[in-house]
Amino acid sequence: MSSILIIDDEEQICEILSDCFSLEGFKVTVANDIASAKQILNSKQFDIIVSDVRMPDGNGTEILTMIREKNIPSIVIMMSGYSSISQEEIYELGADAFFAKPFSIFDLLNKVKELL
């Protein structure tokens, strides 16, 4: 069973993604801020990390940078409805995929399956 960490400050998005990934057989963990995500990542490893870029306590790219600097072998998918960082910069930091909000949950699920 693949594990996934969802990082987003919007509870509704976390709930929808969590439900969809759980139905697909993933073991889901949710973090609603950068600080919680960092704590979780220091104690657990995930196959996939889906993170919002813009968060109240920081930028999701901090998580992406931390993962790549520590050589954590996770697939990282970034998502954003608005960001001061470009999609190209997100890929340069090491993201495996990027989704602009709003996006189709089916497209996200297909991308996850493709990347696995």
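Working carefully through the options Ile34, Ile105, Ile85, find the one that is within 12 Å of the chain's Cα centre (by Cα) and either closer than 14 Å to Leu17 by Cβ or not basic (Lys, Arg) (or both).
Ile34
Given the criteria polar (S, T, N, Q), free of Cβ contacts under 8 Å to residues at least 60 places away in the same chain and either open to solvent by 90 Å² or more (accessible area, probe 1.4 Å) or touching an Asp or Glu at 6+ places or on another chain (Cβ under 6 Å) (or both), does Asn59 qualify?
no
Can you find a residue in region 21-30 that is surrounded by fewer than 17 Cβ atoms within 10 Å (Cβ to Cβ) and free of Cβ contacts under 8 Å to residues at least 24 places away in the same chain?
yes
Just checking: which of the strands (runs of 3 or more DSSP E) contained wholly in region 32-103 hold 1 or more residues that are in contact with a Lys or Arg (Cβ under 8 Å, 6 or more places away or on another chain), polar (S, T, N, Q) and over 19 Å from Ser3 (Cα atoms)?
The strands (runs of 3 or more DSSP E) meeting that bar are 75-80.
Would you mind telling me which numbered condition in (1) of a type in the set (S, T, N, Q); (2) modelled with pLDDT under 95; (3) at negative phi Asn71 fails?
Evaluating Asn71 over (1) of a type in the set (S, T, N, Q); (2) modelled with pLDDT under 95; (3) at negative phi leaves (3) as the failure.
The values are calculated or read from the model by the stated rules, or taken from the named source; none is laboratory data. The structure displayed is predicted, hence computed values, not measured ones. FYI the Cβ positions are ideal-geometry reconstructions off the backbone, even for glycines, and counts take in every protein chain you see. Note: areas computed on protein heavy atoms with side chains; ligands, DNA, RNA excluded. Shrake-Rupley method; radii C 1.70, N 1.55, O 1.52, S 1.80 Å.
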